[in-house]
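Structure record follows, encoded as structure tokens.
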Amino acid sequence: MDIDTDTARRVAKLARIKVEEDELPALAQGFTAILGFIEQLNEVDVTDVEPMTSVTPMRLKRRKDGVTDGGYQASILKNAPDAREGFFAVPKVVE
Amino acid sequence: MSLNTLTIADARDKLRAREITAVELTEACLTAIEGASALNAFVHHTPEIARAQAEAADARLQGDDEAPALCGIPLGIKDLFCTKGVASQAGSNILKGFRPEYESTITAQLFASGAVMLGKLNMDEFAMGSSNETSAYGNAVNPWRRGNDDTALTPGGSSGGSASAVAADLCLGATGTDTGGSIRQPAAFTGITGVKPTYGRCSRWGVIAFASSLDQAGPMTRTVRDAAILLQGMAGHDPKDSTSADIPVPDFEAMLTGDIRGTTIGIPREYRMDGMPDEIETLWKQGTEMLRDAGATIRDISLPHTKYALPAYYVIAPAEASSNLARYDGVRYGHRARLAEGDGITEMYEKTRAEGFGAEVKRRVMIGTYVLSAGFYDAYYNRARKVRSLIKRDFETVFADGIDAILTPATPSSAFGLGEMADADPVAMYLNDVFTVTVNLAGLPGIAVPAGLDAQGLPLGLQLIGKPWAEGELLNHAYVLERAAGFVSKPARWW
């Protein structure tokens with residue numbers, strides 16, 4: 001399937017990655033090559049095959065629903081590009 | 001002989017016999033690293049930490065005859081591992097300046113055993129690449145060259161810095177990670193040993209995620225014995241990783257008996273690719289003969305869905321990556337773009353990610369976004385997961401049929417020149433992992449062992465694939481192959 005620039009623009013938007021208009025054709029071309037490669041999967045008969053959910057048969061462990069750890073506010077904020085008064089700061093979201 | 005050229009096993013024995021000290025060993029490595037900036041393998045240097053750890057290791061070795069094998073052993077750590085207070089960027093500009101407030105489980109285990117950290121190692125950005133050319137730090141360089149030709153070659157990827165550092169004797173061993181071949185392909189390109197353990201053998205906690213159902217950390221070393229020792233230090237159950245297996249870790253080194261009589265080795269016909277160089281075909285045959293001579297039974301087998309492994313991988317890995325990398329949004333850590341007047345939070349996300357991610361990471365995040373998007377989820381993602389079930393079933397069938405391990409080439413070529421693939425289609429680069437990626441999709445252990453040189457004088461590796469949790473048996477087969485192949489070549493020093 002050929003990916004056009006409109007689709008490439010839409011995917012970039014969904015992925016929250018800014019792509020300039022003049023870069024879209026090359027991006028679309030790259031997608032087309034990869035998706036063309038992926039399309040080989042259509043040759044495989046997957047009737048009655050379950051999609052894999054876990055590569056090793058394992059049951060996730062359970063534990064009591066309780067607080068086990070915490071109290072790291074300063075550590076968590078330490079690497080933030082903008083932290084103020086104990087919070088992550090971002091541009092205004094709600095007017 | 002410089003101490004940095006010792007194997008882990010020899011260094012351990014000399015440390016225990018008090019013939020050398022951890023401080024001397026560490027200084028030898030630090031000197032080697034200083035003289036090897038042309039390889040661009042170490043990208044964050046931690047000599048103060050190394051010296052302090054070495055001193056502590058010497059004190060421990062003095063007082064404790066039962067000190068762990070890794071006590072005092074200088075290692076390099078792939079940049080994908082979070083190391084407390086030390087830059088951990090996954091080779092990406094989006095994590096520039098990130099210094100984790102915590103330690104990955106694997107590095108914590110290694111340091112608790114007394115291992116010494118020399119620094120962080122170069123890698124492809126977020127482990128996405130097969131040549132180390134997607135790194136924000138620039139290319140790592142292979143210490144090997146084609147005879148007298150001074151063309152700079154790739155050490156492979158994504159664990160390119162780890163491979164280059166181990167092959168050039170800058171450290172005694174290194175940690176790597178492998179999502180589609182990122183330990184085994186660089187190991188093969190640099191003439192060293194690399195193990196991708198069974199999925200769940202080593203904790204993923206604190207290892208920056210690429211594709212969580214495929215990622216697995218493992219050792220990169222100069223010998224099979226060293227791989228057994230380093231894997232021992234990395235493996236084990238971790239309650240902080242829900243996919244880490246709560247099963248005992250055997251003594252891997254003790255399982256290196258060199259006796260493989262009575263085992264059965266499968267040779268999968270689907271791994272004989274069109275256009276594969278004769279040298280690789282020949283090496284594979286030689287490897288088969290070595291295992292036969294050692295008393296193994298050789299059997300031709302079929303893994304019919306092999307051809308579909310790479311296309312399935314290039315749906316599943318980008319899908320998981322698009323989800324995992326959604327966290328890089330400029331809010332909690334790393335880079336945030338400078339915003340223009342009136343920019344809101346969406347512009348912050350979009351500009352931050354456009355500036356912070358490199359081209360290959362963007363491409364994969366967007367491919368992942370596409371295959372997971374409404375209307376394509378079934379056609380791509382679910383179909384790929386079904387094919388993945390079939391690939392795993394192929395292996396289960398041959399193992400149930402009496403196969404103990406499978407022998408294949410490690411890579412379809414020897415190391416290529418940096419920049420040589422620049423104009424190629426992205427899919428051409430992806431083909432590097434054609435022999436290794438099946439192992440990740442099936443969650444199996446795999447090992448690359450150096451087995452010979454090609455006509456250009458570059459190393460070539462063979463891969464052994466084992467049953468789940470059979471790393472010990474797998475290492476023993478690799479040990480037999482290593483001894484029979486007698487690979488002792490080292491790159492001639494030019495750096």
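Table for the structure above
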item	result
Separation of alpha-carbon centers, the range B:94-108 and the range B:159-227, rounded to whole Å	18 Å
Length-normalised contact order for the range B:244-331 - Cα pairs under 8 Å, 6+ apart - percent	36 percent
Linear extension gain, B:Arg483 paired with B:Gln456, 0.36 nm per residue minus alpha-carbon span	7.4 nm
Directionally averaged shadow of the range B:196-272, computed from the convex hull of its alpha-carbon atoms, nm²	7.3 nm²
Estimated 222 nm signal from helices in the protein assembly as shown, with DSSP H stretches of n ≥ 4 weighted -39500 (n - 2.57), rounded to 500	-10500 deg cm²/dmol
Stretchable slack from A:Arg63 to A:Glu50, in nm (0.36 nm times residue separation minus alpha-carbon distance)	1.8 nm
In order through the range B:78-94: 3J(HN,Hα) via Karplus (6.51 cos²θ - 1.76 cosθ + 1.60), integer Hz, x for Gly, Pro	4, 5, 6, 7, 6, 10, 4, x, 10, 3, 9, 10, 6, x, 10, 6, 5
List of the range B:369-387 residues, accessible area with partners at least 40 Å² below that of the chain alone (1.4 Å probe)	B:Thr369, B:Tyr370, B:Tyr380, B:Arg383, B:Arg385, B:Lys386
DSSP bridge orientation in the protein assembly as shown - percent antiparallel, rounded to nearest 5	70 percent
Qualifying trypsin sites (Lys or Arg not before Pro) for the range B:258-320 [loop in DSSP, other Cβ within 10 Å: at most 14]	B:Arg261, B:Arg272
B:Trp494-B:Tyr377 pseudo-label distance in nm [points 7 Å out on the Cα-to-Cβ vector]	5.2 nm
Cut-off 18 Å, label 7 Å out along Cα→Cβ of A:Arg9, residues of the range A:15-38 by amide N	A:15-32
Size of the B/A contact, given as accessible area buried on both chains, probe 1.4 Å, in Å²	5000 Å²
Hits among lysines - C-alpha to C-alpha of A:Lys78 under 18 Å, sequence gap 8 or more where chains match	B:Lys84, B:Lys96
Protection-proxy order for peptides B:177-188, A:48-59, each taking the mean of Cβ atoms within 10 Å per residue, highest first	B:177-188, A:48-59
List of the range A:12-28 residues, accessible area with partners at least 30 Å² below that of the chain alone (1.4 Å probe)	A:Lys13, A:Leu14, A:Ala15, A:Arg16, A:Ile17, A:Lys18
Percent carbon-and-sulfur accessible area, chain B, ignoring ligands, DNA and RNA, probe 1.4 Å	49 percent
Within the range B:27-117, chymotrypsin sites (Phe, Trp or Tyr not before Pro) in DSSP loop having at most 16 other beta-carbon neighbours inside 10 Å	B:Tyr102
C-alpha long axis of helix A:24-38 to longest principal axis of chain A, angle in °	70 degrees
Pairwise centroid distance, computed over Cα atoms, of the range B:1-64 with the range B:379-445, Å	36 Å
Calculated from backbone phi, Karplus (6.51, -1.76, 1.60) coupling profile of the range B:346-361 in Hz, x at Gly/Pro	5, 4, 4, 4, 5, 6, 4, 6, 5, 7, x, 8, x, 4, 5, 5
Reduction of at least 40 Å² in accessible surface, 1.4 Å probe, comparing all protein chains with the chain by itself, residues of the range B:334-360	B:Arg336, B:Ile345, B:Glu350, B:Arg353
The protein assembly as shown - accessible surface per residue (Å², probe 1.4 Å)	39 Å²
Quarter of the Cα convex hull surface for the protein assembly as shown, i.e. its orientation-mean projected area (nm²)	27.8 nm²
Estimated FRET transfer efficiency when R0 is 45 angstrom, pair B:Lys307-B:Arg332 (beta carbons, to 0.05)	0.65
On Cα atoms only, tilt of A:5-14 relative to the major axis of chain A in degrees	20 degrees
DSSP-loop chymotrypsin sites (Phe, Trp or Tyr not before Pro) across the range A:22-95, with at most 14 other Cβ within 10 angstrom	A:Tyr72
Potential lengthening between B:Asp150 and B:Lys96 on full extension [0.36 nm per residue; Cα-Cα distance subtracted]	16.2 nm
Surrounding net charge for B:Ser113, when Lys and Arg each add one and Asp and Glu each subtract one, Cβ distance under 13 Å	0
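The values are calculated or read from the model by the stated rules, or taken from the named source; none is laboratory data. Predicted model, so just to flag it, every value in this text is computed and none were measured. Neighbour counts are summed over all protein chains in view; Cβ atoms, including those assigned to glycine, are modelled from backbone coordinates with ideal geometry. These accessible areas exclude ligands, DNA and RNA; they are computed on the full protein's heavy atoms, side chains included. Shrake-Rupley method; radii C 1.70, N 1.55, O 1.52, S 1.80 Å.
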